[in-house]
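Read the figures in this text as sums done on the coordinates, not as results from a lab. These numbers come from a predicted model, not from an experiment. Heads up, the Cβs are rebuilt from the backbone with ideal geometry, glycines too, and the neighbour counts pull from every protein chain shown.
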Amino acid sequence: MLVSTLNNTSQAELIRKQYDSITAGNEMKWDVIEPSEGKFNFTNADTIADFAQYSGMKLRGHTLLWHNQVPNWLFKGPDGQTGTAIRDLLIKRLKNHIETEVTHYKGKIYTWDVVNEVLSDKSAGLRGEDENSHWKSIIGDADGDGYDSDFIELAFKYAHEADPNALLAINDYNLESSTTKADAMYDLVKRLKAKGVPIDVIGMQMHISIAYPSVSQVKQAIEKFASLGVKVEVTELDMSIYSSPSEQEKKATDSILSDQAQKYKELFDLFKEESQKGNLISVTFWGSADNDTWLDNFPVKGRLDAPLLFDRELQPKPAYWAIVNSNKLKSHK
Ligand code: XIL
């Protein structure tokens with residue numbers, strides 16, 4: 001959720017009543033937490049952490065290393081304004097950022113999304129310059145083992161040192177709809193675990209739609225990841241009523257809402273099964289109700305969506321009743 005969500009008392013009440021965990025939507029990202037080098041601002045994130053604490057809710061941390069929502073100075077030279085950071089400088093900044101943020105919330109966060117969206121959408125490797133990320137090209141193969149995943153390994157090391165009890169996650173999207181991406185995640189985590197990198201969780205964002213992927217694809221992905229000996233968390237669940245960016249805005253009719261309810265029911269039946277098998281440890285929605293979804297502006301700005309369990313008036317939708325009537329797995333926001 002966003003810190004502004006708390007200004008709406010009915011929304012805050014809904015969150016406390018219906019969910020047992022929260023995640024900051026934007027407030028724990030690098031541009032908010034460390035807007036200028038070495039100057040940390042935890043004000044908004046602390047408000048969310050305090051809300052979680054006095055409401056008796058758990059807190060998920062999102063996110064320490066990403067290529068989006070980062071401040072301009074991060075990849076610049078030593079003055080933070082000109083030139084480009086060299087490897088040692090970027091590593092120093094990464095270490096200081098992670099140490100400071102994870103230490104600040106030590107003991108309060110059960111899982112950190114340590115790295116976010118580091119897999120390429122184009123190949124089996126890691127996201128690089130051609131996909132707007134400078135991490136791999138600047139840090140490169142700093143330890144000379146022939147792999148360019150050093151920035152990821154360092155991020156996990158620093159997070160683990162700062163809070164050894166927090167679970168640490170690698171988080172990404174389309175892991176249930178793209179086998180290339182799921183395979184890339186599997187291979188990466190397998191190699192990193194063999195190297196002793198402290199990865200506990202694969203985070204599946206799960207921004208899906210009513211039309212795709214199938215629930216059996218989701219099952220395959222969860223079980224593939226769990227076979228590595230890590231746990232899975234669903235980290236940003238929402239189910240768009242659209243199946244492509246070119247679709248015009250439409251009303252969420254009864255028929256659409258009933259299809260959505262059916263898909264949510266099947267999905268949560270699967271989640272319950274996977275949680276009983278010990279594979280899945282949490283499910284987080286990206287937003288608390290349809291008046292509070294990033295999908296109103298993504299992938300099409302201003303096209304209203306209806307992806308969550310509560311409508312714009314905060315009333316439970318058919319999807320909500322389908323889930324609560326069919327199983328008792330508690331969900332998170
Ligand atoms: C989104 C936020 O919800 C928006 O408010 C912001 O404008 C962009 O980022 N994957 C992630 C999240 O890991 O951090 C993104 O959150 C949604 C996609």
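With an 8 Å cut-off on Cα pairs and a minimum separation of 6 or more residues, tell me the relative contact order of segment 58-103 in percent.
Values: 25 pairs, mean separation 12.2, N = 46.
Rounded, it is 26 percent for segment 58-103.
So what is the relative contact order of segment 28-124, in percent, for Cα pairs below 8 Å that sit 6 or more residues apart? About 35 percent, as a whole number. Taking the Cα centre of segment 10-93 as reference, the dipole from Cβ charges on Lys and Arg (+1) and Asp and Glu (-1) amounts to some 220 debye.
Nearest 20 debye, what's the magnitude of the dipole of segment 172-304 about its Cα centre given +1 on Lys and Arg Cβ and -1 on Asp and Glu Cβ? Show your work: numbers first, answer last.
Numbers: 16 positive and 20 negative charges, 99 e Å.
That gives a dipole near 480 debye.
Compared with the dominant principal axis of the Cα atoms in the chain, helix 150-162 is inclined by about 80°.
In debye, nearest 20, what is the charge dipole magnitude of the chain about its Cα centre with +1 on Lys and Arg Cβ and -1 on Asp and Glu Cβ, if you could check? Mind showing how you got there, number by number?
Values: 38 positive and 49 negative charges, 132 e Å.
Roughly 640 debye for the chain.
If you take the square roots of the eigenvalues of the alpha-carbon gyration tensor of segment 128-196 and sort them as a ≥ b ≥ c, do you get rounded (a/c under 1.5), prolate (a/b over b/c) or oblate? Here segment 128-196 falls in the oblate category. Relative contact order of the chain: 15 percent, from C-alpha pairs under 8 Å at least 6 residues apart in sequence. Measuring between their Cα centroids, segment 120-192 and segment 41-70 lie 22 Å from each other.
With 30 Å as the limit, the listed pairs LYS190/LYS272; LYS58/LYS263; LYS122/LYS317; LYS58/LYS136; LYS193/LYS263; LYS193/LYS317 have LYS122/LYS317; LYS58/LYS136; LYS193/LYS263; LYS193/LYS317 beyond it between alpha carbons.
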